[in-house]
Amino acid sequence: MSIKHLELSHLSIEFPTPAGPFRALEDVNLDIEKGEFVSLIGHSGCGKSTVLNIVAGLYQATKGGVILDGKEVNEPAPDRAVVFQNHSLLPWLTAYENVELAVKQVFKGKKTKHEMREWIEHNLELVHMEHAMHKRPGEISGGMKQRVGIARALAMEPKVLLMDEPFGALDALTRAHMQDSLIEIQARLNNTVIMITHDVDEAVLLSDRIVMMTNGPAATIGEVLTIDLPRPRERVKMANDPRYNYYRAEVLKFLYERQKNPQSDTKSQTSEKNVDEKASSTNKQDEEAA
Amino acid sequence: MNAKVMQLSGINQMLLAASKLKSLNWAEVPGQLFKSLGIPLLAVVIFGVLWGAVAAQIDTSLGKVPGPAKVWEQATTLYQEHQTERERESKFYERQEKRNVKKLAENPDAKVRIRPYTGPPTFFDQIWTSVYTVATGFLLASLIAIPIGIVCGLSTTLYKALNPIIQTLKPVSPLAWLPIVTIIVSAVYITDDPMFEKSFLTSAITVMLCCMWPTIINTTVGVSNIDKDLVNVSRVLRLGWFSNVFKIVIPSSIPMMFAGLRVSLGIGWMVLIAAEMLAQNPGLGKFVWDEFQNGSSDSLARIMVAVLTIGLIGFLLDRMMLLLQRMVSWDKTATIR
Ligand SMILES: Nc1ncnc2c1ncn2[C@@H]1O[C@H](COP(=O)(O)OP(=O)(O)OP(=O)(O)O)[C@@H](O)[C@H]1O
Ligand SMILES: [Mg+2]
């Protein structure tokens, strides 16, 4: 590929905290081609969500920047649709209406009413949700909510699809179903995708490349693994494929040998900090409510 | 009247219980019925007996404190007075009509005047005045409070700017507002053909000033605590300011907003009665005050009728808000009390 599709160059970010600025990311560099499926993997708190939020435009990098098709990204927009970890559907709207809100916003003046309706239904069919289209999030299961979230993101026809642990909250069986759906959708639409995951199998099964991040603070990209497995990939066949197992082992090695401290110092520090942050924010709310 | 409403709420609870128990066990029905209807009724009876017993022990300058029976008697008297007054009114209009027809027959160019009936307001007229006034004050308060709450919730700067003012004005007693409002209304509201009575405006504005604070504060808290993910959805979609407010902000803060509105209406009703008493503005408060000044042997019982009525109307207003809240709430599983 001669022309770069999505370029993350020298991303660094500092969060202001009471104890001074906290440098979460340091010099993250990554080029992503059109139609590529990239997974971000790393220990909890290393800064995966932060990277994704910078690409989405929800956070501003302190140094460096993101360039999409030659243009710098500095605010959120529907061309970088996000699937959030906990679905984040509007609970007062049905599945259809949730997708409709996005479609109306993106295709205002470009599609007729009729076309919009077909497009919404098409996207819900894509994630196999046509039977529960007119149910509200409270009336459908966690997996179904996540499907609707994906349909909403796909319906925006984004240049890049950003997914933050999209299946993290689901049970193993549902997750496998969702992964299969995603493989199927990806085969049809060939989107550019950045997905965060904690699940090594998920990463190997779905990705063209796995980006492994070092532990924070000042996290960066430790290693990039290209997954050279033919598509379509089938879960059951893959289990016995030596190359699949080799890739899997590589990721595990990175996570548990080179970056091993899932429970030790760094993580416990960050989790403590999180607790503190939560405590202080609830205090603030209490003050406001009082 | 008391028993009637207790029955109403009992039926309500029974319906609720019935809808919960889809597969109704018929053997349990008598027990259920007793729980939902019998227990509240029993409580009312016990209350009535205790009331009667205690009341008989207390002597006042106006005789013994009336028990439930005496109060009920006065309630029927008040209703009869209302009926007689209505009859007089219709007769008055009949006579006027006849007189005018006669006048016109004698002289087609004669000026006929239609004068309104000016009898004293009955108890039921006062109820209507009070309800109408509180509704106006509450509506005005909501129209002001909800937008202020929304912008305060959206902007920390505005919140910081307005919060001290809100917190200072919030605890002010209605009795303190009343003189200011009265004077300002009489100074500002000068027309030859007044659409509203001055007393009505004074009462309604006092209600408004006292009852908008809970709505402002609750709306602010509701809006500022919107789920961060939903805020991000709105940002990714690049919703405009108005779509953001109407499609994301308002729906997600509706539960908090209504909690505030309910408190506001309750406060408004209490404030109104006090304001009517103090300012001698027409309404239930004035009725109570007039009876107090009147000091006949029936006065105490009549005041008690008014007190019970005030309580029941407050209760009904709260139920109405609850129904409205249930209607607009998207989270049908949440228990709203
Ligand atoms: N808004 C913020 N303010 C201050 N610190 C932040 C903020 N957002 C993230 N951080 C910090 O940056 C670091 C990276 O956070 P991030 O959420 O990106 O981790 P993550 O890799 O997504 O973790 P997880 O896998 O648990 O979701 C953490 O130490 C976190 O405490
Ligand atoms: Mg994260």
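Values computed for the structure shown
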| item | result |
| --- | --- |
| Magnitude of the charge dipole, the protein assembly as shown, Cβ model with Lys/Arg +1 and Asp/Glu -1, debye to 20 | 1260 debye |
| Inter-site label distance for B:Val231 and B:Ile39 at 7 Å from Cα along Cβ, in nm | 4.3 nm |
| Dipole-positive endmost among B:Val54, B:Val288, B:Pro214 within chain B (Cβ charges, Cα centre) | B:Pro214 |
| Longest to shortest principal axis, alpha-carbon extents of the protein assembly as shown, angstrom | 108, 67, 56 |
| Separation between Cα centres of region B:155-191 and region A:215-229, rounded to whole Å | 60 Å |
| Rounded if a/c under 1.5, otherwise prolate or oblate - chain A, Cα gyration tensor axes | rounded |
| Solvent-free Debye scattering, log10 I(q)/I(0), computed from the Cα coordinates of region B:64-205 at q = 0.13, 0.14, 0.15, 0.17 Å⁻¹ | -0.92, -0.98, -1.03, -1.13 |
| Reciprocal of mean inverse Cα separation for region A:132-213 (Kirkwood radius, Å) | 13.5 Å |
| Mean Cα-pair separation over length for chain B, i.e. relative contact order, pairs under 8 Å, 6 or more apart, % | 19 percent |
| Heavy-atom accessible surface of the protein assembly as shown: percent carbon and sulfur, 1.4 Å | 61 percent |
| Region B:122-328 - Rg (one decimal) and Dmax (whole number), Cα, Å | 19.8, 72 |
| Above-threshold pairs, the threshold being 27 Å between Cα atoms, out of A:Lys48/B:Lys247; A:Lys104/B:Lys228; A:Lys34/B:Lys228; A:Lys111/B:Lys228; A:Lys48/A:Lys159; B:Lys170/B:Lys198 | A:Lys48/B:Lys247; A:Lys34/B:Lys228; A:Lys111/B:Lys228 |
| Interface area, B with A, accessible, probe 1.4 Å, both sides summed, Å² nearest 100 | 2200 Å² |
| Burial of 10 Å² or greater, region B:224-238 residues [accessible area, probe 1.4 Å, versus chain by itself] | B:Ser224, B:Asn225, B:Lys228, B:Asp229, B:Leu230, B:Asn232, B:Val233, B:Arg235, B:Val236, B:Leu237, B:Arg238 |
| Pairwise centroid distance, computed over Cα atoms, of region A:14-80 with region B:129-143, Å | 52 Å |
| Top positive-direction residue, dipole computed over chain A with Cβ charges, set A:Ser44, A:Ile13, A:Asn74 | A:Asn74 |
| Shape metrics for region B:70-120, restricted to C-alpha atoms - Rg then Dmax, Å | 16.7, 56 |
| Contact order relative to length of chain A, as percent, for alpha carbon pairs under 8 angstrom and 6 or more apart | 23 percent |
| Two-site FRET efficiency, A:Lys111 against A:Glu139, from Cβ-Cβ distance with R₀ of 35 Å, rounded to 0.05 | 0.80 |
| Dipole magnitude of chain A about its Cα centre (Cβ charges: Lys, Arg +1; Asp, Glu -1), debye to nearest 20 | 420 debye |
| Net charge of Cβ neighbours under 14 Å - reference B:Met304; Lys, Arg +1; Asp, Glu -1 | 0 |
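The values are calculated or read from the model by the stated rules, or taken from the named source; none is laboratory data. Note that the structure is a prediction, hence the values are computed from the model and not measured. Positions of Cβ are generated from backbone atoms using ideal geometry, with glycine treated the same way; all protein chains shown enter the neighbour counts. All accessible areas refer to the heavy atoms of the entire protein, side chains included, with ligands and DNA or RNA removed. Shrake-Rupley method; radii C 1.70, N 1.55, O 1.52, S 1.80 Å.
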